[in-house]
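No lab work stands behind these numbers, since they all come straight from the coordinates. Quantities reported herein were computed from a predicted structural model and do not represent experimental measurements. Cβ placement follows ideal geometry from the backbone for every residue including glycine, while neighbour counts extend to all protein chains displayed.
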Amino acid sequence: MIKTKIDNTSTEEFVCEAPNNQVKNESFASNFKYLIVGIIFGIVFVKAEIISWFRIQEMFRLQSFHMYGVIGTAVVVGLISVQLIKRFNIKTLAGEMVSIPDKTFDKGQIYGGLIFGLGWAITGACPGPLFAQIGSDFLAIIITLASAIAGTWLYGAFQNKFPK
Amino acid sequence: MIEFIKQPWHWAVAGVMIGLTVPTLLLMGNKIFGISSSLRHLCAACFPANIEYFRYNWKKEIWNLFFVVGVLLGGIIASQYLSNPNEFIIDENTVKDLKALGVTDFSAMMPSDIFSVENIFTIKGLIFFVIGGLMVGFGTRYAGGCTSGHAIMGLSNLQLPSLIATISFMVGGFAMTHIIMPYIFKLF
């Protein structure tokens, strides 16, 4: 119930897990820089074959190091970057302090995580690769993406019914 | 140069570039890396249905939608202009295991046995697209993030909940691959 209040009273409050924490307002046009980052990201997904259902199968069958290498390296690079930002108090382009909200534990991370894992092995995709698969002309994945949006909606509609 | 880029990229190259997305988004505008949130914003923008979970100022988070549209465009660019001219290589044990399950096409990144438009209105389509997609969307939101938000962003910030989520993702994936999937393939 407390969460209800936060969601309704202020749009400045933390509402999602990948929030925009910039205080200064941005123009619509300034969003295009995130489009560029997304394009590069999408190219990496395709060129490193992360969008491949086979690479995900290799990972879950422990038959290739590829995906473990990708994720492991990404975590190490991300970790070093975040530590450097914190240590040297590096500011954002708008001159703001970088703020990264802590995640709080609830059982959703286990139940939801297991459900996502089951779906990941079937579809061969987490949400990011879904977009890159569609871009790579695997048009059937439009149905998978629509279903993922429907799944998100179902969670939102009945979130109070699920144990946390 | 272009020939060099067209080869499949090494995991370390991809890992470094994906890892650098974390500080890039932080320093560009205090944005926290996470992709599954885009699905929530799409719901909030298109089908809020007066549900409290979707009543928030999604316009403030619109950067996330620009990002995923970029991922889609990146997919188009990479597959149209940078695609690998050589044979797609899959580990031979994986090929053997999947052949035993009934997969026959190993020529592209997605097997056409399963991921083709013709399969949309079949049992395969129902399981691999509809049910699979529902589990991805539902599970990531229930868990509060996906591989990007938890496994990469969360672990980069040493968050224990993200480690728990990442372990759960892997357990779910192993269970599907080794326990449930053999039964699914018996349906076809």
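Quick one: how many residues across the range B:39-56 are touching a helix residue (DSSP H, G or I) at 6+ places or on another chain (Cβ under 8 Å) and either more than 7 Å from chain A (Cβ to nearest Cβ) or not in a helix (DSSP H, G or I) (or both)? Reasoning before the result, please.
Taking the range B:39-56 first, the residues touching a helix residue (DSSP H, G or I) at 6+ places or on another chain (Cβ under 8 Å) are B:39-45, B:47-49, B:51-56.
Narrowing further to those that are either more than 7 Å from chain A (Cβ to nearest Cβ) or not in a helix (DSSP H, G or I) (or both): B:41, B:44-45, B:47-49, B:51, B:55-56.
The qualifying residues number 9.
Which numbered condition in (1) part of a helix (DSSP H, G or I); (2) closer than 17 Å to A:Cys126 by Cβ; (3) not basic (Lys, Arg) is the only one that B:Gly145 fails?
(1)
Quick one: count up the residues across the range B:81-108 that are β-branched (Val, Ile, Thr), more than 8 Å from chain A (Cβ to nearest Cβ) and part of a helix (DSSP H, G or I).
Count: 1.
Would you point out which residue out of B:Ile179, B:Ile123 is more than 7 Å from chain A (Cβ to nearest Cβ) and under 18 Å from A:Phe54 (Cα atoms)?
Numbers: B:Ile123 fails: under 18 Å from A:Phe54 (Cα atoms).
That would be B:Ile179, the only listed residue that is more than 7 Å from chain A (Cβ to nearest Cβ) and under 18 Å from A:Phe54 (Cα atoms).
Taking A:Lys86 and the conditions (1) surrounded by fewer than 22 Cβ atoms within 10 Å (Cβ to Cβ); (2) in contact with a helix residue (DSSP H, G or I) (Cβ under 8 Å, 6 or more places away or on another chain); (3) in a helix (DSSP H, G or I), which numbered condition does it fall short on, given that it satisfies the others?
The failed condition is (2).
Under 8 Å between Cβ atoms, at least 6 apart or on separate chains: pull out the pairs that start in the range B:57-80 with a residue that is more than 7 Å from every other protein chain (Cβ to nearest Cβ) and end on any residue that is aliphatic (A, V, I, L, M) and crowded, with 18+ Cβ neighbours inside 10 Å.
Close Cβ pairs (under 8 Å, with a partner that is aliphatic (A, V, I, L, M) and crowded, with 18+ Cβ neighbours inside 10 Å) amount to B:Trp58/B:Ala44; B:Leu65/B:Leu42.
So for the range B:128-141 (the condition being over 18 Å from the mean Cα position of the chain (by Cα) and either at the interface with chain A (Cβ under 7 Å from one of its Cβ atoms) or not basic (Lys, Arg) (or both)), does at least one residue qualify?
Checked against the condition, which is being over 18 Å from the mean Cα position of the chain (by Cα) and either at the interface with chain A (Cβ under 7 Å from one of its Cβ atoms) or not basic (Lys, Arg) (or both), the range B:128-141 yields no hits at all.
Being of a type in the set (Val, Ile, Thr) and more than 26 Å from A:Lys33 (Cβ to Cβ) is the filter here, so list the residues in the range B:66-107 that pass it.
B:Ile89, B:Ile90, B:Thr94, B:Val95, B:Val103, B:Thr104, listed by residue number.
Residue-by-condition table, conditions (1) assigned to a helix (DSSP H, G or I); (2) within 7 Å of another protein chain (Cβ to nearest Cβ); (3) in contact with an Asp or Glu (Cβ under 7 Å, 6 or more places away or on another chain); (4) crowded, with 24+ Cβ neighbours inside 10 Å:
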| residue | (1), (2), (3), (4) |
| --- | --- |
| A:Gly38 | yes, yes, no, yes |
| A:Phe41 | yes, yes, no, yes |
| A:Ile50 | no, yes, no, yes |
| A:Leu62 | no, no, no, no |
| A:Val77 | yes, yes, no, no |
| A:Ser81 | yes, yes, no, no |
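Please count how many residues of the range B:148-188 are crowded, with 24+ Cβ neighbours inside 10 Å and touching a residue at least 40 places away in the same chain (Cβ under 8 Å).
Count: 5.
When A:Glu96 is evaluated against the numbered criteria (1) touching a strand residue (DSSP E or B) at 6+ places or on another chain (Cβ under 7 Å); (2) in contact (Cβ under 8 Å) with a residue 60 or more places away in the chain, which criterion, by number, is the only one it fails?
The number of the failed condition is (1).
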